[in-house]
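Every read-out reported here was derived from the displayed coordinates using simple, explicitly stated rules and does not represent laboratory data. Since the structure is predicted, the reported quantities are computational estimates derived from the model, not experimental observations. Quick reminder, even Gly has a Cβ in these numbers, built from the backbone with ideal geometry, and neighbours come from all protein chains shown.
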């Protein structure tokens, strides 16, 4: 089992320094960005022996049938299963935290999309039976009743997505998020699923509870990048994931 790591880059390249992939007898884990450079790196790993070079430079030019113009330096190292597990654990920990309130169809679709992206998701619902079994390690399911009581324990810097089965629950979650930001200012994104009409109603109720317009401006509703009209759960999930990636960048 060979670990390939991007140790240095110059110019235009498909992946950044620190990216890794593992070549096993029965397949690969991760990607260096695809293309001929990855094909050549896999071939080198499969023929890797201790006496061979443990580093190799790839120029993404005519010799590889590519025109990116950049350069990637790769290292090659033999590892065991425990070392692979440690790499995967570190990768999970480095992912950005997201709290997703709501286990309905849209919530499930979003969890499915985010699992393949650099995020750690805490998936929260007041209905304990709502979560599927055998969730990936990056998805932590949490039963919370009342559901808004989970807000104080969210990770610092957590992005919040709110889409419970109940508008009443949604309102309470938004309120708790705004209260937390009033005290700690550590939830950079509060996204609420719904229409402009729903948010207008929520704003009126939240103003009655003492929140200012500046505080209400912290909430994004509707959620998802603009210009996508579909309302299918999978379409909404992609639009929301794209919005989160824009914020991350």
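Estimated purely from DSSP H runs of n ≥ 4, each contributing -39500 (n - 2.57), the mean residue ellipticity at 222 nm for the chain is -11000 deg cm²/dmol once divided by its residues. Treating each Cα of region 163-210 as one equal point scatterer and applying the Debye formula with no solvent, the log10 of I(q)/I(0) at q = 0.20, 0.22, 0.32 Å⁻¹ comes out as -0.69, -0.82, -1.31.
Using C-alpha pairs under 8 Å with a sequence gap of at least 6, the mean separation divided by the residue count of the chain gives a relative contact order of 14 percent. Relative to the longest principal axis of the Cα atoms of the chain, the long axis of helix 35-46 lies at roughly 60 degrees. Neighbour counts of other Cβ atoms within 10 Å put 39, 119 in the fewest-to-most order 39, 119.
Its relative contact order, with pairs defined as Cα atoms under 8 Å and 6+ residues apart, puts region 133-242 at 22 percent. For the chain, the longest principal axis of the C-alpha atoms and the axis of helix 167-183 are separated by about 70°. Listed from fewest to most Cβ neighbours within 10 Å, the set 205, 108 follows the order 205, 108. As a proxy for reagent exposure, 172, 129 were ordered by neighbouring Cβ count within 10 angstrom, fewest first; the result is 129, 172. With all pairs of separate Cα atoms included, region 2-89 yields a Kirkwood hydrodynamic radius of 13.2 Å. The share of C-alpha pairs in the chain whose separation exceeds 35 Å stands at 31 percent.
Using Cα-Cα distances under 8 Å and only pairs 6 or more residues apart, what relative contact order does region 2-89 have, in percent?
Details: 145 pairs, mean separation 32.2, N = 88.
In percent, rounded to a whole number, it is 37.
Helix 233-248 versus the longest principal axis of the chain: what angle, 0 to 90°, nearest 10, using Cα atoms? That helix lies at roughly 70 degrees to the long axis. Comparing region 29-160 with the 2.2 N^0.38 Å rule of thumb, its C-alpha radius of gyration ratio is 1.46 (two decimals).
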